[in-house]
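Undergrad: Below you will find the structure I want to go over with you.
Laboratory data are not the source of any read-out in this text; all were calculated from the coordinates shown. What you see is a predicted model, and the numbers here were worked out from it, not measured in a lab. Heads up, the Cβs are rebuilt from the backbone with ideal geometry, glycines too, and the neighbour counts pull from every protein chain shown.
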Ligand SMILES: Nc1ncnc2c1ncn2[C@@H]1O[C@H](COP(=O)(O)OP(=O)(O)O)[C@@H](O)[C@H]1O
Ligand SMILES: CC(C)(COP(=O)(O)O)[C@@H](O)C(=O)NCCC(=O)O
């Protein structure tokens, strides 16, 4: 039990210290100014967190990537002939405001610095939200982020096409500023070594007889924290956004820049309670057990323990 490795459960539980030891000799390839670029709004992540948490994680993913490549080479040998190796797909799940996008952007940068997988792409599932016009027509604007607010069929098709090695696969683009899909804008994924898919619902199981995006995942990470901490982070970030993004004339929330401090807190707590917390409890948290790795954050946003699934 002492090293978390000899329990009978499918999970290995590791303290922060045990996990950070698993960095071994993985070098730090990120500078303070690069980290500044990758950090999310109001995310206090520093280079110690990168060294202690993200370097062991990239070491694990690099080893796992190599294992998956070897497995697919074995299949190719069996089947004969030349076959293109499929991109390795990594899913990142968790609540609104838990810091998934910082995790995803950091892994995007760090993983691309390994010689075995220099081409890493990142997609966030908000690209597959229905446009506000459709959400309004379906009377589900207040359900943005819930499973039914996504074009799930298009999302599954997208991940399946990337995994199948299609030379170019396109996706729409969502703007947090405009709070909507950007009409006509697309992003193109061109056969990366690794595709990171980040979003609230990436671990949702498929409906009967269909496939889900996680059927195409090689590895998945759930970013976890106590609900009351995530709520505080959401409200704090809302205040930060009021002084930054919401001041932009293009911001969907520009009218909120005018609210008093108390009104803004009340507004943010309302959205948290009615939309994001509900979605977390009903749809997102129940998928945590499906993740290969859970990063558990404490009140100060730092990762305090890690759970790795070994079978
Ligand atoms: N209203 C907004 N305006 C601008 N940026 C936003 C807004 N809401 C969220 N963001 C940014 O969008 C990204 C995704 O946020 P979110 O879905 O809450 O996930 P997470 O906090 O887990 O990364 C974050 O980088 C966040 O800072
Ligand atoms: C855009 C989101 C649904 C997240 O999308 P994801 O990329 O995780 O699929 C979320 O950040 C959001 O805007 N939720 C709606 C409620 C709110 O404004 O907080």
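Undergrad: Once the cut-off is 23 Å, how many percent of the Cα-Cα pairs in the stretch 11-309 end up in the long-distance tail?
TA: That tail contains 58 percent of the Cα-Cα pairs.
Undergrad: Please give the calculated 222 nm ellipticity per residue for the chain, where each DSSP H segment of at least 4 residues contributes -39500 (n - 2.57) and the sum is spread over every residue; nearest 500 deg cm²/dmol?
TA: Helix contribution divided over all residues of the chain: -9500 deg cm²/dmol.
Undergrad: Give me the percent relative contact order of the stretch 72-188, please, defined on Cα pairs under 8 angstrom at least 6 residues apart.
TA: Reported relative contact order: 22 percent.
Undergrad: Once fully extended, how much extra length lies between residue 32 and residue 140, figured as 0.36 nm per residue of separation less the alpha-carbon to alpha-carbon distance?
TA: Result for the pair: 34.7 nm of gain on full extension.
Undergrad: Which FRET efficiency, nearest 0.05, do residue 278 and residue 72 yield, Cβ-Cβ r, R0 41 Å?
TA: With a Förster radius of 41 Å, E is 0.55.
Undergrad: Quick one: helix 100-111 against the long Cα principal axis of the chain, what's the angle to the nearest 10°, folded into 0 to 90?
TA: On a 0 to 90 degree scale, this one is about 40.
Undergrad: Ok, one more. Work the Kirkwood hydrodynamic radius out for the stretch 149-241: mean of 1/r over every pair of different alpha-carbon atoms, inverted, in Å.
TA: It is 15.6 Å.
Undergrad: May I pose another question? Using mean Cβ contacts within 10 Å as the protection proxy, how do 159-172, 213-226 order, highest first?
TA: 213-226, 159-172
Undergrad: Which length gain, in nm to one decimal place, applies between residue 153 and residue 178 when the Cα-Cα distance is subtracted from 0.36 nm times their residue separation?
TA: The residue 153-residue 178 span can extend by a further 6.6 nm.
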